[in-house]
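For reference, the structure is listed below as structure tokens.
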């Protein structure tokens, strides 16, 4: 690359010993980093180089700290979210929700609401007879509005569309609903009890988008789904153990708080459905709506404006079927449902869980056998519960040398808000239990917990689970990096301050189905079309960087808009850390196909061979001849205008798509915490998060994703918990439900990226963004245990819970 050669020459003229052995890209990134850019810290020679060659370095889009392409629009307020959209005749809709956790809907009379001036339409169960009213990605077990029963507080019973939100809200109180209350299945203990009420008496049909064997099987009682994995012969192996250690851990219900609540606008006409939604899975929404309303896919258009965060809460289908159903009754006028935060907290959540784990060990620390049971509270409907159960398996086995293991996972129905996806499904729950348990084993056997892990972690190429892709990371290196800033030696004995470490390894569930188009326009600019939803993770910027790199263009020349299913090619989903690896590979393939056409066209225009052509800065170069991309397009078509198009596809069975998981997402955390023995308050003084990302295509964005995940993990570690009492939510609001704030950050908070360019994605990238959340709770919990000598096995680690544990310890002594 010319830029590479130029900078190498500059380095020879202005040699700086501190950069000996570093690649040009590493030097550039070091000098450009937001962490270390400080002229006084560098020799003047380096800045001479950067000034001389910075324009050339701009060619190196991948690996550079490219500013977010949507950043200015967001910070200036120009970005339009679904709630900002305005249409002629727009109606506002409000939802009447069940006040009871479990009841038969005996009768519903909307007449008074319909008569209220300003009300245009009211949707009840009586309006669902000409459609398939049930939806769901794993099981189609949930109705648009309640038909025969309500199964959780907050379940939609009716919808009112009116000229304004106040009128719609007033009309809700005029709808007469008669219920017969049923016994409530309040939690997993009630769900498992002998003679327990059954949340779903009839078996539901399977959804279109599950990839989990056994979905739809009738398990009986309140069981939504079961999973099991057996490796070796654990029953026999336990007999060879010198000691058997068993513990039970609890993980709370968590809400996937995002700044933008669930919002959607729908218009239904004779031409079909148009839906504007903050959905992370627009193509799956299109397919489900087409199924429900008996339309071809081509008659359902799903448009995704700017999205204000998701974290799994906007996966699959949440309010979209309901908004479309009410829009069918408004004579073509568009209808918007804009939920409040409390309403969204009654829409979806993360699974709460109980984990029992038993491990047989030798006195030398060898892990002999493990048996584990995971019980997930999936709420009133399946949502993504079966897939969460499936993913919990490998996370509970753990990334350690262990020949004999049995893990059982069950997802149970309860009369609470349905649990869906959230960052690293099944990961924070099981890794909290497993990594806390590993410290318990080390303590029981008299080993340092760090050294205990380092001796037993799987090495690159070793297999965690039968049939799975081998481990593709250096777990030991990441674990060492996580404790590097900590006072590990000083935390060896309980003195009120402790250090803890945890290792998280997750198998990505990314489905390898993505299509991308890259179009070179007549003026030499590029339009990238890809169905990935920008939910705040920076996907648009990353994908534009990939296209720019392959086409030898400044990234500013590449434009990528939002998703519109009528115009944008298909993408399976935005989730499971798949956008960079899967869609990024499709974008790279599309750009390469376009590049090949461009080189052929340039060779024809310049009357030379394709081998003589190089591309740089929007031009084709052959010797001393130079032709801009715009002139190449004109020459190709024989007149101004036209465009050259490249297409890229990822599908199962093709290269990366043939392996499962596509990659292992690894994240390590190291925490240093101080505990006030009088109040139980925890002060996290240091936290280090480490991610093996393969290749950081945009380092500041990658760091931001990992750090953001860790901050989110502080929530369920220290204070987040949705509280229910007899099926009634007690804190479904942001006053009583506490989420992390900047003031909650540790005094010293840092991240480190491991880049070996060994991932399956473009330039060796791996998916990331979820691993940072999984190790926080066990790292902090382990630090507290080492600080106090007390092991706490339930989250969150509130001051009261810690204080009570310390009090029990003193009482026991």
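Being under 30 Å from residue 404 (Cβ atoms) and either in the same structural domain as residue 632 (by TED's automatic domain parsing) or buried (at least 24 other Cβ atoms within 10 Å of the Cβ) (or both) holds for only one residue in 461, 504, 531, 538, and it is 504. Mind listing whichever residues of the range 723-739 are assigned to a loop (DSSP other than H, G, I, E, B) and surrounded by 20 or more Cβ atoms within 10 Å (Cβ to Cβ)? Listed by number, the residues that qualify are 727, 732, 737. Screening residue 132 on (1) farther than 27 Å from residue 167 by Cβ; (2) in a loop (DSSP other than H, G, I, E, B); (3) out of contact with any helix residue (DSSP H, G or I) (no Cβ under 9 Å at 6 or more places or on another chain) shows it passes everything except condition (3). Every test in (1) closer than 30 Å to residue 702 by Cβ; (2) surrounded by fewer than 15 Cβ atoms within 10 Å (Cβ to Cβ) is passed by residue 595 save one, and that test is (2). Apart from one condition, residue 659 fits all of (1) out of contact with any strand residue (DSSP E or B) (no Cβ under 6 Å at 6 or more places or on another chain); (2) over 30 Å from residue 464 (Cβ atoms); (3) surrounded by fewer than 19 Cβ atoms within 10 Å (Cβ to Cβ); (4) modelled with pLDDT under 95; the exception is (2).
Going through (1) under 31 Å from the mean Cα position of the chain (by Cα); (2) part of a strand (DSSP E or B) one by one, residue 653 falls short only on (2).
A quick yes/no check of all residues on (1) outside any helix (DSSP H, G or I); (2) surrounded by 22 or more Cβ atoms within 10 Å (Cβ to Cβ); (3) touching a helix residue (DSSP H, G or I) at 6+ places or on another chain (Cβ under 6 Å):
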| residue | (1), (2), (3) |
| --- | --- |
| 697 | yes, yes, yes |
| 708 | no, no, no |
| 712 | no, yes, yes |
| 746 | yes, no, no |
| 782 | no, yes, yes |
| 800 | no, no, no |
| 809 | no, no, no |
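Note on the range 708-738: among residues that are under 21 Å from the mean Cα position of the chain (by Cα) and more than 28 Å from residue 478 (Cβ to Cβ), the one that is modelled with the lowest pLDDT is 738. Of note, residue 153 does not satisfy the criterion of being out of contact with any helix residue (DSSP H, G or I) (no Cβ under 7 Å at 6 or more places or on another chain), closer than 22 Å to residue 267 by Cα and surrounded by 19 or more Cβ atoms within 10 Å (Cβ to Cβ).
On inspection, residue 225 fails the criterion of being out of contact with any helix residue (DSSP H, G or I) (no Cβ under 7 Å at 6 or more places or on another chain), under 30 Å from residue 727 (Cβ atoms) and surrounded by 21 or more Cβ atoms within 10 Å (Cβ to Cβ).
For the range 764-780, the set of residues classified as farther than 17 Å from residue 438 by Cα and surrounded by 19 or more Cβ atoms within 10 Å (Cβ to Cβ) consists of 765, 766, 767, 768, 769, 770, 771, 772, 773, listed by residue number.
Residues considered: 667, 704. Of these, the only one that is buried (at least 24 other Cβ atoms within 10 Å of the Cβ), assigned by TED's automatic domain parsing to the domain that holds residue 467, closer than 20 Å to residue 581 by Cβ and at pLDDT 90 or above is 667.
Please verify whether the range 239-251 includes one or more residues that are over 19 Å from residue 388 (Cα atoms), in contact (Cβ under 8 Å) with a residue 24 or more places away in the chain and in contact with a helix residue (DSSP H, G or I) (Cβ under 6 Å, 6 or more places away or on another chain). Even if it seems obvious, please write down each step before you answer.
To start, the set of residues in the range 239-251 that are over 19 Å from residue 388 (Cα atoms) comprises 239-248.
With in contact (Cβ under 8 Å) with a residue 24 or more places away in the chain added as a condition, the list becomes 240-248.
Adding the requirement that they be in contact with a helix residue (DSSP H, G or I) (Cβ under 6 Å, 6 or more places away or on another chain) leaves 245, 247.
Yes, the conditions are met somewhere in the range 239-251.
Surrounded by 23 or more Cβ atoms within 10 Å (Cβ to Cβ) and not in a strand (DSSP E or B): does that describe residue 185? Before the answer, list the steps.
Numbers: surrounded by 23 or more Cβ atoms within 10 Å (Cβ to Cβ): yes; not in a strand (DSSP E or B): yes.
Yes; evaluated as a whole, the condition is true for this residue.
Checked against the criteria, residue 434 does not count as part of a loop (DSSP other than H, G, I, E, B), closer than 24 Å to residue 662 by Cβ and modelled with pLDDT of 95 or more.
Per-residue answers, yes or no, for (1) over 24 Å from the mean Cα position of the chain (by Cα); (2) free of Cβ contacts under 8 Å to residues at least 24 places away in the same chain; (3) closer than 30 Å to residue 709 by Cα:
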residue	(1), (2), (3)
625	yes, yes, no
638	yes, yes, no
643	yes, no, no
661	no, no, yes
669	no, no, yes
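Report whether or not residue 114 is in contact with a helix residue (DSSP H, G or I) (Cβ under 9 Å, 6 or more places away or on another chain) and not in a strand (DSSP E or B). Yes. Considering (1) part of a loop (DSSP other than H, G, I, E, B); (2) over 17 Å from residue 661 (Cα atoms); (3) modelled with pLDDT under 95, the lone condition that residue 462 does not fulfil carries the number (2).
Contact annotation: residue pairs with Cβ atoms under 9 Å, 6 or more positions apart or on different chains, pairing a residue in the range 181-194 that is without any contact (Cβ under 8 Å) to a residue 40 or more places away in the chain with a partner that is in a loop (DSSP other than H, G, I, E, B) and surrounded by 19 or more Cβ atoms within 10 Å (Cβ to Cβ), are 193/185.
The values are calculated or read from the model by the stated rules, or taken from the named source; none is laboratory data. Remember, it's a predicted structure, so these values are computed and weren't measured experimentally. Backbone-built Cβ (ideal geometry, glycine too); neighbour counts: all protein chains shown.
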